[in-house]
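Visitor: Sharing a structure, written as structure tokens. Questions coming.
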Amino acid sequence: MIRAYTIASGKGGTGKTTVTANLGTALAQHGRETCIVDMDMGMANLALVLGLAETPVTLHEVLAGEAQILDAIYEGPYGLKVVPSGLSLRGFQNADPERLKDVMRDLTDRCDFLLLDAPAGISTDAVVPLTVADEVLLVVNPEISSLVDALKIKILTETIGGSIGGAIINRAILEDPEVNRRKIEKTLGVSIIDTIPEDPNVRRAAAARTPVVVKSPGSESSKAFRRIAASLAGFPIKEVPREVQEGFVERLARALFRREP
Ligand code: ADP
Ligand code: MG
């Protein structure tokens, strides 16, 4: 089964980090052991959108050979494992993307699903994640600049021996999403997994440093994230998983008895 996905787009601001955080959380809500990794080593923000303020050891230190991956795993919502990147430029300079393959091996041994939040652009740190995962999922916005950049990433991925698993349309606003979907599918030559609408709840959730699937589980974007998680993991779609209503006692019990990585 395919388990490691790189979430990429070429263009910045398409929603890679949002998709990584919410897909990861939706998989964790369904009890899948899931790990998300911030590969955006220059502009790290995955931990920030999940409200993880204190992350002294990050992927930077691991890739610089100064720390073990186990020390860089933090707990997000529903037991989601989060590997943040550092914010310092010094750490970025010391990070060696080639060490990533060892990190991937360690993490895939411990998780059912691994999602890598890729940086924008086509510099080395953006290209390496395209080759290390089983499949690359493209996040595209319904606009020409996003499509052109996604196409570049598709060609680049295939040129260097990676594999494209499909595309996710994010921030869809057109009235007839089917037309839009078909056009994008044709332009990219990649099958569309699903469409996530433009949704003000996503921004509200980001401001509250919580994934929208937790903050507004009934929103249209949350439904789309759960559909995508269900299609990746092969489980039936639940409208709102029971775990979303998890109370204090359950959270405490889970924290006390959770499996260590
Ligand atoms: P990237 O990681 O590709 O640079 P982000 O995930 O950081 O992009 O998203 C960029 C901005 O767009 C963020 O402010 C985020 O909250 C917002 N955003 C992402 N997806 C949606 C959506 N479906 N609806 C509304 N806002 C969104
Ligand atoms: Mg990002």
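Visitor: Could you pull out the pairs from Lys101/Lys186; Lys81/Lys152; Lys154/Lys223; Lys11/Lys186; Lys16/Lys101; Lys186/Lys223 whose alpha carbons sit more than 23 Å apart here? Intermediate values should be presented prior to the final figure.
Guide: On the way: Lys101/Lys186 33 Å; Lys81/Lys152 30 Å; Lys154/Lys223 27 Å; Lys11/Lys186 19 Å; Lys16/Lys101 21 Å; Lys186/Lys223 25 Å.
Distance filter (> 23 Å) returns Lys101/Lys186; Lys81/Lys152; Lys154/Lys223; Lys186/Lys223.
Visitor: Further, regarding this structure: Could you calculate, for segment 22-117, the ratio of the Cα radius of gyration to the Kirkwood radius, expressed as Rg to Rh? Spell out each step's value before the answer.
Guide: On the way: Rg = 12.3 Å, Rh = 13.1 Å.
Radius of gyration over Kirkwood radius for segment 22-117 works out to 0.94.
Visitor: When only Cα pairs under 8 Å and 6 or more residues apart are kept, what is the percent relative contact order across the chain?
Guide: On the way: 499 pairs, mean separation 62.7, N = 261.
Relative contact order comes out at 24 percent.
Visitor: Can you pull the percent of the chain's accessible area that's carbon plus sulfur, 1.4 Å probe, other chains left in place? Before the final figure, lay out the partial values.
Guide: On the way: 6360 of 11980 Å².
In the chain, the share of accessible area belonging to carbon and sulfur is 53 percent.
Visitor: Shifting gears a bit: Counting only heavy atoms of the protein chains, get the accessible area per residue of segment 3-257 (1.4 Å probe) and round it to a whole Å² value. Write out the running numbers ahead of the final one.
Guide: Details: 11270 Å² over 255 residues.
So segment 3-257 comes to 44 Å² accessible per residue, rounded to a whole number.
Visitor: For q values of 0.10, 0.14, 0.16 Å⁻¹, compute log₁₀ I(q)/I(0) with the Debye formula on a Cα-only model of the chain, without solvent.
Guide: Log10 I(q)/I(0), no solvent term: -0.45, -0.91, -1.21.
Visitor: How are the alpha carbon pair distances in segment 74-214 distributed across 5 Å bins from zero to the largest one, expressed in percent?
Guide: Percent of Cα pairs in each bin: 2, 8, 15, 18, 18, 19, 13, 5, 1, 0.
The values are calculated or read from the model by the stated rules, or taken from the named source; none is laboratory data. Remember, it's a predicted structure, so these values are computed and weren't measured experimentally. Areas reflect the complete protein model, heavy atoms only, side chains present, ligands, DNA and RNA absent. Shrake-Rupley method; radii C 1.70, N 1.55, O 1.52, S 1.80 Å.
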